[in-house]
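Here is the structure we will look at.
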Amino acid sequence: MWAICLAIYMLVGCGSNSISSGHFVSPIGFQAAPSPLVGAWTGKSKVSTSNGLMGMAMAIAGAQLEGPSTLTLNPNGKGYLKVAKTAERPIEWSQDGTKLVLTNVAKYSAKTTPEKSDPVVATLSDDAKMMTIDLGQVTVTLAKQPGK
C-alpha cells in the first residue's frame, strides 16, 4: 500500500505543478479534505458599459448577460456556471491560493453566442465567502451559500 502512495506522491511532486517549478496548484482530486469552496454560489452578473458601436451592441446583448447567476463547484474539480439568461455550462476548476482558476468557461462579449476562452481567474474575498469572476465585458459577483 505504501508503494502506491509513494508512486502517487512522486507523480504529483515531480509534475509541471510541482513545488520545484516555483508554482504549486493543488489538484482537487488529491486534496485530503474537500475545499471549502465546494458547493453552491449565487449572485449576479453585470455588463460593463462602453461607448460607440460596442456600447450599443452590449446594450442589446446586456439583457441576456445581466442578472442572477450561479456557480456549482463539485469536489472532483468539475462544476457548472450559469450567467444570467445564458445556458448553464460545465466548467473545470482548481484553487491556487486566493484565486480560483476556471477552465472551459465561455467568454461573454457583444456577440450573442459565447466563445470558448482561455482559463478565467476568479478572485476570492479574504474570508473566501465572495468571489468575482471577470469574463471580459461581463463581471459576475457570487456569494457562497451555506452547506446543507
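Taking Ala61, is it modelled with pLDDT of 60 or more and either of a type in the set (Gly, Ala, Ser) or surrounded by 12 or more Cβ atoms within 10 Å (Cβ to Cβ) (or both)?
Here the answer is no, as Ala61 does not meet what is asked.
Can you list residue pairs whose Cβ atoms sit under 7 Å apart, with the first residue in the stretch 77-102 being closer than 17 Å to Lys44 by Cβ and the second being among the charged types (D, E, K, R) and surrounded by 16 or more Cβ atoms within 10 Å (Cβ to Cβ)? Count only pairs 6 or more apart in sequence or on different chains.
Taking only residues 6 or more apart or on different chains, the pairs are Ala84/Glu66; Glu88/Lys82.
What residue, of Ala40, Ala33, is over 13 Å from the mean Cα position of the chain (by Cα) and either loosely packed, with under 14 Cβ neighbours inside 10 Å or at pLDDT 95 or above (or both)?
Exactly one residue qualifies, and that residue is Ala33.
Go through the stretch 73-111 and give me each residue that's crowded, with 19+ Cβ neighbours inside 10 Å, more than 13 Å from Ser35 (Cβ to Cβ) and modelled with pLDDT of 90 or more.
Of everything in the stretch 73-111, those that are crowded, with 19+ Cβ neighbours inside 10 Å, more than 13 Å from Ser35 (Cβ to Cβ) and modelled with pLDDT of 90 or more turn out to be Leu81, Val83, Ala84, Ile91, Leu102.
The values are calculated or read from the model by the stated rules, or taken from the named source; none is laboratory data. This one's a predicted model, so the numbers in the text were calculated from it and none came from an experiment. Glycine also receives a Cβ, built like all others from the backbone with ideal geometry; neighbour counts cover every protein chain displayed.
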